[in-house]
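For reference, the structure is listed below as structure tokens.
Values in this text are rule-based calculations from the coordinates and carry no lab data. Owing to the predicted nature of the structure, the values given are computational and were not obtained by experimental measurement. Using ideal geometry, Cβ is built from the backbone for each residue, glycine included, and neighbour counts are taken over all protein chains shown.
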Amino acid sequence: MVQATFLFGAIWLHLGQHRKLLRPITIHPKFRMKNITTLLLLQLLMLSGVAFAQEQSAALKNWHNNKYSMFIHFGVYSELGGVWQGKPVTRGYSEQIQAHAGILTDIYDEVPSSFNPVKWDADEITSLAKKAGMRSIVITSKHHDGFCMYHSAFTRFNVVDATPFKRDIIGELAASCRKAGVNFGLYYSLIDYRLHPMASSNANPITADHHEYNKKQIAELLTNYGTISEMWFDMGSLTALQSREIYQLVHRLQPDCMVSGRLGNNAYDFCVMGDNEYPDYKIDTPWQTPASMFDETWGYRSWQKREDAAAKTREKLLSLIKVVSRGGNYLLNIGPKGDGTVVPFEAEVLKGIGKWLTMNGEAIYGTSANPLTQTFDWGEITTSGNCLYLMLSGNRSTTITLPSISGKVKHASLVSDPKTSFKSSIQKGTITVQLPETLYARPEIQVIKLEFEGNYQIKPERLMADKELTLDFHNAIKHYSYSCIDYYNNHRSIVRQEWNFVNRKKGAEPELFYTAEEAGKALELSWNGAPQVVLLKDGEPLAVNPVPGTIQWENRYGYVPIDTDFQGNPGAVKEVIDPQTDWRTKNGAKWSVLSDWQNGKVVAIPSKPIQQQYILQEISSDRIQNQLIEIGNGDGIQVWLNGENLVFHNNPMGAGLTRETVLLPLKSGKNQLLIKLYNRYGYEIAYSINHQIPQTLYRKKLSPLPDQGFCNCTLKLYQPESIHQPIRMNNVRLRL
């Protein structure tokens with residue numbers, strides 16, 4: 001296929017720092033000239049905003065190649081060791097002891113006078129990290145208590161001015177990392193218990209003066225301590241503008257410094273999972289799991305039980321393997337004592353993982369995620385070049401089968417002992433490797449290297465049936481990122497949809513259908529890797545045409561609020577819900593009939609922050625048909641129809657009530673529309689359901705498909721402001 005690539009002439013010369021946001025786009029030869037003009041306008045429109053992590057830069061790739069890093073929670077709280085007034089503080093993490101023990105600020109201000117970590121040795125820390133196989137170190141420059149582990153010009157509450165130690169911890173570790181060739185990153189808490197009492201809640205809004213204070217300290221950290229590989233922000237609910245300003249500040253001062261996901265509002269370079277969590281789905285964008293040695297605390301806790309270092313080593317090694325096999329990075333924490341020394345138990349665990357990596361690091365460093373769509377009970381997979389690495393971290397299977405793969409296996413051997421080889425065979429797209437039972441007698445997790453002659457091929461996922469094809473949200477392969485507004489308001493976000501099929505129609509002309517919800521958006525639609533930009537406008541209006549009188553809106557039920565955050569997956573919902581029974585609760589609450597609802601009316605439900613409420617609407621249809629509705633919602637929403645998830649997204653802080661169009665594929669008979677509404681900031685949940693809106697779809701004809709045969713189609717937003725931004729294309733479908 002002939003491809004045309006264009007740049008933008010003289011305009012390109014005047015765009016200055018924004019040049020990197022414009023990238024060449026391959027245009028199908030039948031893409032008309034007027035659409036090239038549209039494309040140029042779209043590129044220029046992108047310059048009105050700030051693109052976050054638009055491309056996989058060299059710096060981001062280098063960050064991703066770290067794979068395994070050291071996290072250090074070290075501060076004035078380390079001196080207390082989880083104890084206040086002679087008693088263990090059992091509530092909460094020990095690094096947050098000021099909040100959990102209710103220590104007044106003027107009392108806590110006296111703690112630094114006894115904080116004297118004379119046994120702190122930055123070179124010993126970097127040496128331990130290297131022995132553990134860690135490629136970078138991230139240390140707490142300031143935690144929630146506001147105490148700075150560096151010499152800050154903006155507060156005397158720091159390790160140089162307020163302690164007898166009088167040394168700059170951050171400066172010493174930065175210098176040691178440079179000398180040792182270890183990447184150096186900084187944790188910075190966006191909240192500060194000392195500045196604003198309201199910040200004693202870890203995810204409260206950041207005031208304007210607090211935001212300016214944060215920017216000043218971030219600037220001095222990025223100016224005074226050499227090259228910083230990443231800024232690891234935590235907590236606080238920032239406005240979209242505040243997140244944007246900090247992101248811009250970091251990249252202005254250090255363009256190659258990567259920004260962590262908890263800055264919020266999708267203004268970051270890599271996603272951050274929940275503490276000690278890793279996804280059971282694959283993420284398209286760079287991501288990281290922060291992990292503590294113990295679930296109970298990150299900072300040093302003197303009374304923590306530390307019993308079996310070998311078991312803990314295996315536990316954390318398994319987590320490292322799972323994270324890397326899913327495409328992420330692993331950030332494992334230690335909490336030094338108040339005197340600056342590393343807890344021997346934690347050092348032993350790190351060295352144990354390092355010993356395994358010395359023998360098997362080939363399966364971790366420089367690898368990519370498991371290329372197969374399946375997961376396996378016997379363990380995990382990574383890949384590099386023409387090799388697969390099979391890490392036997394699960395059940396003790398002596399027969400390993402890898403379906404949906406083709407290629408000739410050159411050699412199957414043990415990574416830690418290449419002379420030990422294994423028999424392998426391939427038949428009908430399935431590779432089988434036979435292992436002896438004696439292999440599992442070895443105490444370490446073993447890794448099999450499967451080397452192919454040339455490249456291997458993976459069978460396309462979900463090859464669609466050979467008939468008239470409609471590509472839509474329901475049959476798409478979903479690709480995810482992790483959209484974060486703040487610590488409590490984040491979720492897996494769909495950033496791309498994909499379909500695989502065989503095109504048997506020469507010159508087939510796809511038709512794209514969309515609703516008013518998507519009108520005006522720009523899509524990047526790719527056919528076998530060749531992108532085409534489609535602007536959703538000027539479509540031919542078509543009636544959805546539900547027949548009058550064939551759809552009846554019946555009972556509506558409400559469900560008591562549930563205290564929870566917005567994190568996680570949409571979750572499974574029964575296709576049929578019985579509102580007469582208890583559901584998804586432990587407190588015996590039941591559905592209640594909402595008898596006074598009116599179509600389109602905004603209803604406000606009393607709520608506390610961080611609560612969710614369910615609405616169940618029963619709909620009867622005498623035939624299979626579509627119905628467009630409009631749903632008003634606030635901080636976050638999930639929508640299911642007959643158990644199938646249709647909508648899952650959050651909204652930026654302060655967005656208020658927003659309305660969106662949802663296309664309901666109704667079945668014949670009774671249907672159940674389930675809506676979960678989320679409240680993060682206010683004291684009520686507002687919503688509305690309007691089914692009396694224009695029943696109009698828009699049809700846009702696209703250029704003919706280039707060839708017959710296998711076709712891979714992907715759909716995503718064209719140059720979104722952030723690669724983590726949900727595409728929200730649930731109503732869009734392609735008909736071939």
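Can you give the FRET efficiency for residue 58 and residue 253, using 1/(1 + (r/R0)^6), R0 = 30 Å, r = Cβ-Cβ distance, to the nearest 0.05?
The calculated FRET efficiency here is 0.95.
Apply the Karplus curve 6.51 cos²θ - 1.76 cosθ + 1.60, θ = phi - 60°, to the phi angles in region 448-453 and return the couplings in whole Hz, x for Gly and Pro.
9, 9, 9, 9, 9, 7
Which translational diffusion coefficient, to the nearest whole µm²/s, is obtained for region 63-359 from the Stokes-Einstein equation, given a Kirkwood hydrodynamic radius over C-alpha pairs, 37 °C and 0.692 mPa s?
Estimated diffusion coefficient is 171 µm²/s.
If you line up the long axis of helix 169-180 against the longest principal axis of the chain, both from Cα atoms, how many degrees apart are they, to the nearest 10?
Its long axis makes an angle of about 80 degrees.
For the chain, I need the span (max minus min coordinate) of the C-alpha atoms along each principal axis, in Å, sorted largest to smallest.
So the three principal-axis extents are 79, 67, 65 Å.
Could you calculate the contour length gain from residue 280 to residue 455, that is, 0.36 nm times the residue separation minus the distance between their Cα atoms, to one decimal place in nm?
60.3 nm
Answer with one residue from 63, 114, 545: the one whose Cα lies farthest towards the positive end of the charge dipole of the chain, charges on Cβ with Lys, Arg +1 and Asp, Glu -1.
545
Extending each Cα 7 Å along its Cβ direction at residue 156 and residue 657, get the distance between those two points in nm, one decimal.
With each label placed 7 Å out from Cα toward Cβ, I get 5.2 nm.
Relative contact order (percent) for region 370-458, with alpha-carbon contacts under 8 angstrom and 6 or more residues of separation?
Values: 180 pairs, mean separation 32.4, N = 89.
Relative contact order comes out at 36 percent.
Determine the dipole magnitude for the chain: charges of +1 sit on the beta-carbon of Lys and Arg, -1 on that of Asp and Glu, nothing else is charged, the reference point is the Cα centre, and the result goes in debye to the nearest 20.
1960
Using modelled amide H (1.01 Å from N, peptide plane; none on Pro or chain starts), what sits under 5 Å from the amide H of residue 696, excluding residues fewer than 5 places away?
HN-HN under 5 Å from residue 696: 544.
Evaluated at 4 °C with a viscosity of 1.567 mPa s, what Stokes-Einstein diffusion coefficient in µm²/s does region 617-669 have when Rh comes from the Kirkwood expression over alpha-carbon pairs?
105
Please get the size of the charge dipole for region 551-694, origin at its Cα centre, with Cβ charges of +1 on Lys and Arg and -1 on Asp and Glu, quoted in debye to the nearest 20.
Approximately 80 debye in magnitude.
Quick one: putting +1 on the C-beta of Lys and Arg, -1 on the C-beta of Asp and Glu, what dipole do you get for region 63-359 around its Cα centre, in Debye to the nearest 20?
Dipole size: approximately 760 debye.
Give me 83, 732, 182 ranked fewest to most by other Cβ atoms within 10 Å of their Cβ, as a rough exposure proxy.
Going from sparsest to densest Cβ surroundings: 83, 182, 732.
With r defined as the distance between the Cβ atoms of residue 444 and residue 373 and R0 fixed at 25 Å, what FRET efficiency is calculated, to the nearest 0.05?
0.30
For residue 410, enumerate residues with amide H under 5 Å from its amide H, sequence gap 5+ or separate chain, H modeled in the peptide plane.
It is 451, 452, 453, by chain and number.
For residue 544 and residue 212, what does the FRET efficiency come to when R0 = 51 Å and r is the distance between their Cβ atoms, rounded to the nearest 0.05? If you can, show how the numbers build up before the last one.
Details: r = 51 Å, r/R0 = 0.99.
According to the calculation, E is roughly 0.50.
Mind checking the alpha-carbon convex hull of region 370-458 and giving the volume per residue in Å³?
Value for region 370-458: 86 Å³ per residue.
Which angle from 0 to 90°, rounded to the nearest 10, does the C-alpha axis of helix 240-253 make with the longest principal axis of the chain?
60
Using +1 at the C-beta of Lys and Arg and -1 at the C-beta of Asp and Glu, which of 281, 268, 214 has the Cα lying farthest in the positive direction of the dipole of region 183-307?
214
Sorting 294, 710, 157 on the 10 Å Cβ count, fewest up front, what's the list?
Ranking 294, 710, 157 by Cβ neighbours within 10 Å, fewest first, gives 710, 294, 157.
Give me the three principal axis extents of region 63-145 from the C-alpha atoms, as integers in angstrom, largest value leading.
Dimensions of region 63-145 along the principal axes of its Cα atoms: 43, 27, 20 Å.
Over the chain, what is the relative contact order in percent, taking alpha-carbon pairs closer than 8 angstrom and at least six residues apart? Could you put the intermediate results ahead of the total?
Values: 1645 pairs, mean separation 97.5, N = 736.
Relative CO of the chain lands at 13 percent.
Roughly what % of Cα-Cα distances in region 551-694 sit above 19 Å, to the whole percent?
Numbers: 5098 of 10296 pairs.
Counting pairs separated by more than 19 Å, the tail of P(r) holds 50 percent.
If you fit an axis through the alpha-carbon atoms of helix 122-131 and take the longest principal axis of the Cα set of the chain, what angle between them do you get, 0 to 90°, nearest 10?
Rounded to the nearest ten degrees, it is 50.
Would you list 241, 253 from fewest to most Cβ contacts within 10 Å?
The order, fewest Cβ neighbours first, is 241, 253.
How high is the relative contact order of region 461-505, in percent, with contacts defined as C-alpha pairs under 8 Å that are six or more residues apart?
Over region 461-505, the number comes to 47 percent.
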